[in-house]
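Note sheet for the following structure.
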Amino acid sequence: MHGDFHKAAKILKELYQYFMDHPKDFLALAGRSELYDSLSRCVCDFLAGMTDRYAFNLYKDRFLPLPWVIV
C-alpha cells in the first residue's frame, strides 16, 4: 500500500509540473479559454478533482510512449 502512495504522488507531481510548463495544453484540457486564478491554483484544483483512473490515463497519454505498430 505504501508503494501505491509513492506512485500516486509521482503521477500528480509530474502532471503538475507538465501543466505548469504547458499552460496552453492545460487550458485546452480543462476546457477553458483563460485562468480564473493563478496557473498554480488552477492546476492544483484540476488535479484535486481527478479520479485515480483519469489521472493515470492522463499521465499515460502525456508521458508513456505509444507501442510500436508492426506492419
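Hey, among the residues in the stretch 7-26 that are over 16 Å from residue 53 (Cα atoms) and either over 12 Å from the mean Cα position of the chain (by Cα) or polar (S, T, N, Q) (or both), which one's surrounded by the most Cβ atoms within 10 Å (Cβ to Cβ)? The selected residue is 17. Filtered by the rule that a residue be open to solvent by less than 80 Å² (accessible area, probe 1.4 Å), in contact (Cβ under 8 Å) with a residue 40 or more places away in the chain and not hydrophobic (A, V, I, L, M, F, W, C), the stretch 47-68 gives 59, 62.
Looking at (1) of a type in the set (A, V, I, L, M, F, W, C); (2) out of contact with any Phe, Trp or Tyr (no Cβ under 7 Å at 6 or more places or on another chain); (3) free of Cβ contacts under 8 Å to residues at least 40 places away in the same chain, which is the one condition that is false for residue 43? The failed condition is (2). Across the stretch 27-46, the number of residues qualifying as surrounded by 10 or more Cβ atoms within 10 Å (Cβ to Cβ) and small (Gly, Ala, Ser) comes to 3.
The values are calculated or read from the model by the stated rules, or taken from the named source; none is laboratory data. All of these numbers come straight from a predicted model, not from anything done at the bench. Methodologically, a virtual Cβ is constructed for each residue, glycine included, from the backbone with ideal geometry; neighbour enumeration extends over all protein chains shown. These area figures cover heavy atoms from the full protein model, side chains too; ligands, DNA and RNA do not enter into them. Shrake-Rupley method; radii C 1.70, N 1.55, O 1.52, S 1.80 Å.
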